[in-house]
Amino acid sequence: MAATCNVFPAIACTGISMTAKDGSYIQARTIEGAQMDLPGQYVIIPRGQQLQSFTPVDGNGMKFKAKYGVVGLAVVRREFIAEGINEKGLSTGLFFFPNYGSYKPFDAALREKTIGDLQLNQWMLTQFATVDEAVAAIKSGRVRIVGLDKLAVVHWRIGDASGRQVVLEIIDGVLHFHENRIGVITNAPDFKWHLTNLNNYVNLFPGDANRQILGQHEVFPMGGNSGFLGLPGDATPPSRFVRAAFYRATAPQLATAFETVKQCFHILNNFDIPIGTEHSWGMAPDIPSVTHWTSVIDLTHRKVYYKTAYNSNIRCIELDGINFKTIKYQAHPFDKLKEQPIEKVIIE
């Protein structure tokens, strides 16, 4: 089966990771479809499930069998897991990487080892327990990663419960793995460029700037947090990377996983992109928000939390409560209703 073209006209995503004082490791992200509604669904893959990759042309790609059970958050189709975790605590996510990422071309002779880029998460999550295992398998040439949609080039973050995280980028067909010690990922340009770009903001610091005397005139902060004056506020990937890096770095380390989960949601609220900002005047589509959903995954305790543009209540899927040996392969939309009623507060 060939993949449907034009799956993702434009996606802008922001990812962060945090570690609680008790050692719990959390990975979180937003997902946006800037020029379209982006249907989301949660997916359950049982152990032993037979799976197969699409290819960019007629015919199927690599077949594989799930070694581990998976909970994934998918876009458009259940095979396209954008973010997920398996029962061993491996978590992977894909992020839009236009104009910089490029894969090797599809080769029909290598069909049996071909995996589509939008299904790489599905393959990694069903096959591996750790970052080391996933990285080793990809480096060995066990799979050939190809693009399923010419407009949807992506890169990936791969993390496990140990707290290690790497970023995988494919540029001109060459694999690049980067240790992600900053705990942030957005989109293009490449990851190393983003790290270098942080040097442009070396003057920023938490707290308030000092008063100064210019000639005989005193200047002083006009409000709190003046040490962050100059922090970029637009929605481009470089600006979001800088903002996320500083918000994450200045956030206090909290005691428990659940406190840190809530902290991640709070930080990522700053990256909600309001409808209309990415379109010409009067041309904004009728979608609820450019930020379609936000997820926070507790890799230590195997829990997936998410909220959507239609329902800001945080929901949770606990992998420990799923019998991956007997459950059926299934997918369900995040929201059964696109408009959730607002709870009325009763005053007595």
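Miscellaneous remarks
- Computed FRET value (nearest 0.05) for N323 with K65, which takes r as the C-beta separation and R₀ as 22 Å: 0.75
- Between the range 72-112 and the range 230-280, the Cα center-to-center distance that results, in Å: 24 Å
- Local net charge near E83, Cβ-Cβ under 12 Å (Lys/Arg +1, Asp/Glu -1): +2
- Evaluated at q = 0.12, 0.21 Å⁻¹: base-10 log I(q)/I(0), Debye formula over Cα of the range 10-114: -0.54, -1.31
- Global geometry of the range 153-210, whether rounded, prolate or oblate, following the gyration tensor of its Cα atoms and the 1.5 cut on a/c: oblate
- Over the C-alpha atoms of the chain, the Rg to Rh ratio, Rh being the Kirkwood estimate, stands at 0.99.
- A simple spin-label model places pseudo-atoms 7 Å from Cα toward Cβ; at D172 and K262 they are separated by 5.0 nm.
- The three principal axes of the C-alpha atoms in the range 125-268 carry coordinate ranges of 69, 38, 22 Å, sorted with the longest axis first.
- Residue of T326, T130, T308 that the Gaussian network model of the chain assigns the largest fluctuation, springs spanning Cα pairs under 10 Å: T326
- Principal axis extents of the Cα atoms in the range 264-348, from largest to smallest and rounded to whole angstrom, are 52, 43, 26.
- Evaluated at q = 0.10, 0.12, 0.18, 0.20 Å⁻¹: base-10 log I(q)/I(0), Debye formula over Cα of the range 100-206: -0.32, -0.45, -0.93, -1.10
- Residues listed by number, the range 77-96, amide nitrogen under 17 Å from D132 label point at 7 Å toward C-beta: 88-91
- Share of pairwise Cα separations in the range 41-98, more than 15 Å, in percent: 57 percent
- D_trans [Stokes-Einstein, Kirkwood Rh over alpha-carbon pairs] for the range 30-172, 25 °C, 0.890 mPa s, µm² s⁻¹: 162 µm²/s
- Residue among I115, I314, I45 with the largest mean-square fluctuation in a Gaussian network model of the chain, springs linking Cα atoms under 10 Å: I314
- Per-residue Karplus couplings for the range 97-114, computed as 6.51 cos²θ - 1.76 cosθ + 1.60 with θ equal to phi - 60°, are listed in order as 9, x, 6, 10, x, 7, 9, 5, x, 5, 10, 4, 5, 10, 3, 6, 10, 8 Hz, Gly and Pro entered as x.
- Residue-by-residue Karplus 3J(HN,Hα) for the range 293-305, coefficients 6.51, -1.76, 1.60, Hz, glycine and proline x: 7, 10, 10, 9, 10, 8, 6, 6, 9, 6, 10, 10, 10
- Of V57, V70, V43, the residue with the greatest mean-square motion in the GNM of the chain, using alpha carbon springs below 10 Å, is V57.
- Taking each residue as 0.36 nm, the span from K104 to N313 lengthens on full extension beyond its C-alpha to C-alpha distance by 71.1 nm.
- Accessible carbon and sulfur surface of the range 90-168 relative to its total accessible area, %, 1.4 Å: 51 percent
- Accessible area of the chain divided out per residue, in Å², using a probe of 1.4 angstrom: 47 Å²
- Computed from the C-beta positions of I346 and K21 and an R0 of 41 Å, the FRET efficiency is 0.60 to the nearest 0.05.
- Theoretical FRET efficiency, 1/(1+(r/R0)^6), r = Cβ-Cβ of R211 and H279, R0 45 Å, to 0.05: 0.60
- Amide H contacts for V154 (H built 1.01 Å from N in the peptide plane; partners 5 or more residues away or on another chain; cut-off under 5 Å): F97.
- Convex hull of Cα atoms in the range 258-302, direction-averaged projection (nm²): 3.9 nm²
- Listed cross-link partners K262/K303; K67/K104; K63/K325; K65/K113; K262/K344 are compared with a 18 Å cut-off, the Cα-Cα value being larger for K67/K104; K63/K325; K262/K344.
- Between Q52 and F64, the built amide H atoms are under 5 Å apart, and every one of these is 5 or more places off in sequence or on another chain.
- For F265, the shell of other residues with beta-carbons less than 15 Å away shows a net charge of +2, using +1 for Lys and Arg and -1 for Asp and Glu.
- Stokes-Einstein D for the range 222-320, Kirkwood Rh over Cα pairs, 4 °C, 1.567 mPa s (µm²/s): 83 µm²/s
- Summarising the amide proton neighbourhood of R78: residues at separation of 5 or more, or on other chains, whose placed amide H is nearer than 5 Å comprise an empty set.
- With K and R counted +1 and D and E -1, the other residues having a Cβ less than 10 Å from that of H178 yield a net charge of 0.
The values are calculated or read from the model by the stated rules, or taken from the named source; none is laboratory data. It should be emphasised that the depicted structure is a prediction, and the values quoted were computed from it without experimental measurement. Cβ coordinates were reconstructed from backbone atoms using ideal geometry, including for glycine residues, and neighbour counts include every protein chain displayed. For the accessible areas, the whole protein counts, side chains as well, though only heavy atoms, and no ligand, DNA or RNA atoms are used. Shrake-Rupley method; radii C 1.70, N 1.55, O 1.52, S 1.80 Å.
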